[in-house]
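Working notes for the structure below.
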Amino acid sequence: MVDNICDDIREFLVEEDEDGDRLDVYLADQFVDMSRSYIQKIIKDKKVTVNGKVEKAKYLVKEEDKIVIEIPKPKVLEVVPQDIPIEIVYEDDDIIIVNKPQGMVVHPAPGNYEGTLVNAILYHCKGNLSSINGVIRPGIVHRIDKDTSGILMIAKNNNAHNCLAEQLKDHSITREYEFICHSVFKEDNVTVDRPIGRNPKDRLKMAIVPNGKRAVTHFEVIERFNGYTHVRARLETGRTHQIRVHAMSINHPLVGDPVYGPKNSKIKLNGQALHAKKLGFIHPTTKEYVEFDSELPDYFQKLLEKLRK
C-alpha cells in the first residue's frame with residue numbers, strides 16, 4: 001500500500017508477485033475481511049480506477065499499476081442488536097477480544113440476519129464499531145468458521161480496524177489453534193507450504209491447487225492417542241479453511257469435519273474439533289504487543305479425556 005489518503009479512499013501499487021491477479025481478487029486480498037462480492041459491487045459502481053481509468057472486475061492487474069478504490073460511506077446499520085451472551089476476554093476503547101462458541105456464525109448473511117456474533121457485539125457496544133466492512137460486518141477484521149470455536153478480535157473504530165487489517169496482511173499476527181485429527185502424526189513438527197484456492201470440482205470447498213494463494217501452516221504434536229493426534233497449528237498465512245485443508249493434505253483430516261473429514265468416522269461431533277486458542281498482535285493505540293489465550297471448550301476437553309482412556 002502506498003498511501004491512505006483519507007478514511008474512504010485507499011491507494012495501492014501492484015507489486016511483482018501480484019502481477020496477473022484479477023482486479024477483484026487483488027482488492028479482496030488487500031481488504032482482509034471485505035467480501036469479494038462486495039468488492040465486485042464497488043467495481044461495478046465505478047468506484048475503482050486503475051491508472052486513472054475505470055476497469056472491470058476481470059481486469060488483470062500489472063506490476064506498477066496504480067489502483068484507487070473509493071469505499072462507500074457506511075449505511076445506517078440494518079442488523080438488529082441482540083442480547084446474546086458472549087464471553088469477552090478483553091475490551092478497551094479500540095478492541096474487543098471474544099471467545100466464540102462452536103456453532104455461532106460470526107456475521108449475518110442475506111436471509112440470516114439474527115443470532116450471529118455481530119448481533120451480540122452490536123448490543124454489547126451499542127452500535128459503536130468500525131464501519132469499514134459496511135452494514136453486515138461492522139467491526140469484523142477477520143473471522144473463523146461457524147463450527148470453529150475460539151479467540152476473535154473486533155475493532156471498535158476505523159483506525160483500529162485498519163491497523164489490525166494491515167498486520168493480518170503482513171502475516172505478523174500470532175494465531176495458534178489446537179485440533180484433534182485422524183491418524184497418528186509420525187513427526188513431532190511438520191510444516192505444510194502448499195497453495196490453497198477454490199476446489200475446481202466443488203466451489204463450496206477449498207483445495208490444494210497450483211494457481212492458489214501461498215499458504216503455510218506449522219503443525220506441532222501435543223499428544224498422541226490410538227489412531228488420533230492432538231495438534232497445535234500456527235498460521236503463517238490465513239487462507240479460508242487453511243488448517244483443515246492442509247491437515248487433510250497430509251492425511252490427517254480433522255475429527256468431526258463435515259466437509260473434509262471421513263464420512264465413516266467413529267467419533268460424532270457437531271463440527272470439526274478445532275479451537276482458535278491464542279491471538280497476539282500490536283495494539284492499535286499503545287503500539288505494544290498484546291497476546292490473548294483461551295481455554296479449550298468442554299466438548300474438546302471431554303474428547304481428549306475419552307481418547308486417553
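The values are calculated or read from the model by the stated rules, or taken from the named source; none is laboratory data. Everything numeric here is computed off the predicted structure, so don't read it as measured data. Neighbour counts run over all protein chains shown; Cβ positions are idealised from the backbone, glycine included.
Table for the structure above
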| item | result |
| --- | --- |
| Residue identified as under 30 Å from Arg36 (Cα atoms) and surrounded by fewer than 19 Cβ atoms within 10 Å (Cβ to Cβ) among Lys268, Lys186, Lys278 | Lys278 |
| Any hit, region 140-147, residues being outside the structural domain of Pro258 (by TED's automatic domain parsing), more than 30 Å from Thr229 (Cβ to Cβ) and modelled with pLDDT under 90 | yes |
| Checking Pro284 against (1) part of a loop (DSSP other than H, G, I, E, B); (2) in contact (Cβ under 8 Å) with a residue 60 or more places away in the chain; (3) loosely packed, with under 15 Cβ neighbours inside 10 Å, the condition it does not meet | (3) |
| The lone exception for His171 - which of (1) modelled with pLDDT of 95 or more; (2) assigned to a loop (DSSP other than H, G, I, E, B); (3) under 16 Å from the mean Cα position of the chain (by Cα) it fails | (1) |
| In region 3-15, the residues that are assigned to a loop (DSSP other than H, G, I, E, B) and modelled with pLDDT of 85 or more | Val14, Glu15 |
| Residue among Ile132, Ile121, Ile88, Ile151 that alone is outside any loop (DSSP other than H, G, I, E, B), at pLDDT below 90 and under 21 Å from Leu164 (Cβ atoms) | Ile121 |
| Only one of Gln272, Gln242 that is touching a helix residue (DSSP H, G or I) at 6+ places or on another chain (Cβ under 8 Å) and in the same structural domain as Phe219 (by TED's automatic domain parsing) | Gln272 |
| Pairs, first assigned to a loop (DSSP other than H, G, I, E, B) in region 16-28, second not basic (Lys, Arg), C-beta under 6 Å, six or more apart | Asp19/Glu63; Gly20/Leu60; Asp21/Val61 |
| Candidate set: region 195-219, residues that are under 18 Å from the mean Cα position of the chain (by Cα) and part of a loop (DSSP other than H, G, I, E, B); chosen: the one surrounded by the most Cβ atoms within 10 Å (Cβ to Cβ) | Ala215 |
| Where Val245 falls short, out of the listed (1) in contact with a strand residue (DSSP E or B) (Cβ under 6 Å, 6 or more places away or on another chain); (2) under 24 Å from Asn99 (Cβ atoms); (3) in a helix (DSSP H, G or I) | (2) |
| Yes/no for Val259 being among the β-branched types (Val, Ile, Thr) and either assigned to a helix (DSSP H, G or I) or surrounded by 18 or more Cβ atoms within 10 Å (Cβ to Cβ) (or both) | yes |
| Val192 vs. criteria outside the structural domain of Val98 (by TED's automatic domain parsing), within 30 Å of Asn159 (Cβ to Cβ) and either part of a strand (DSSP E or B) or of a type in the set (Phe, Trp, Tyr) (or both) | no |
